[in-house]
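Okay, structure first, notes after.
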Amino acid sequence: MEIILKQDIPSLGFTNDMVTVKDGYARNYLIPKGYAIVATPSAKKVLAENLKQKAHKAEKIRLDAEGVAKALDGLQLRIAAKASTSGRIFGSVNSIQIAEAIKQQYDLDVDRKKIFLDGDSVKELGTYSAKIRLHKEVEAMITFEVFAE
């Protein structure tokens, strides 16, 4: 029997996959539990339309991410921090401060959870780089300078 999966099932397939299984497995387990539906011609048409719309939305999101990545690529940020005379920062600079600096200096909104530093945070004065993952296929690199206030 041919079915369309409504959710991911290990060793069988992923959401919106069309798979062939034995009739009893489909009728007695997958369909009653709501894990799948029978792949009728109308269900196949609905699935095709849903996949087409989902692909269109995903493409739009990717293009928006590429636009933001072009704006972010090569940015030079300056972040002020209180530091000792030896160059150690009191506290640290992390993704939250970087996101705030991008917003203040370039008026771009970037989620702090998408900013990745080499370590967890920066604890000394100097120049560093950070990777911003805007989409699974789109990344931007920025450099930032941490200077003493």
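The values are calculated or read from the model by the stated rules, or taken from the named source; none is laboratory data. Not measured: the values here are computed from a predicted model. Here the Cβ is made from the backbone with ideal geometry for all residues, glycine too, and neighbour counts use every protein chain on show.
In table form, for the structure just shown:
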| item | result |
| --- | --- |
| Selection within the range 99-144 - at pLDDT 90 or above, in contact with a helix residue (DSSP H, G or I) (Cβ under 9 Å, 6 or more places away or on another chain) and among the acidic types (D, E) | E100, D109, D111, E139 |
| Qualifying positions in the range 7-29 - at pLDDT 95 or above, surrounded by fewer than 12 Cβ atoms within 10 Å (Cβ to Cβ) and in contact with a strand residue (DSSP E or B) (Cβ under 8 Å, 6 or more places away or on another chain) | T20 |
| Every residue from the range 95-149 that is part of a loop (DSSP other than H, G, I, E, B) and either in contact with a Lys or Arg (Cβ under 7 Å, 6 or more places away or on another chain) or closer than 21 Å to V68 by Cβ (or both) | D107, L108, D109, V110, D111, K136, E137, E149 |
| Residue match in the range 100-113 (condition: of a type outside the set (S, T, N, Q) and closer than 30 Å to K6 by Cα) | yes |
| Residue within the range 65-83 that is β-branched (V, I, T), outside any strand (DSSP E or B) and more than 30 Å from V146 (Cα to Cα) present | no |
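Yes/no per residue for (1) loosely packed, with under 13 Cβ neighbours inside 10 Å; (2) modelled with pLDDT under 90; (3) in contact with a strand residue (DSSP E or B) (Cβ under 9 Å, 6 or more places away or on another chain); (4) not assigned by TED's automatic domain parsing to the domain that holds I142:
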{"position": "R62", "(1), (2), (3), (4)": "no, no, yes, yes"}
{"position": "G74", "(1), (2), (3), (4)": "yes, yes, yes, no"}
{"position": "I79", "(1), (2), (3), (4)": "no, no, yes, no"}
{"position": "A83", "(1), (2), (3), (4)": "no, no, yes, no"}
{"position": "I89", "(1), (2), (3), (4)": "no, no, yes, no"}
{"position": "V93", "(1), (2), (3), (4)": "no, no, yes, no"}
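Residue by residue, here is whether (1) more than 13 Å from I89 (Cβ to Cβ); (2) of a type in the set (K, R); (3) surrounded by fewer than 16 Cβ atoms within 10 Å (Cβ to Cβ) holds:
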{"residue": "Q104", "(1), (2), (3)": "yes, no, yes"}
{"residue": "F116", "(1), (2), (3)": "yes, no, yes"}
{"residue": "G126", "(1), (2), (3)": "no, no, yes"}
{"residue": "V146", "(1), (2), (3)": "no, no, no"}
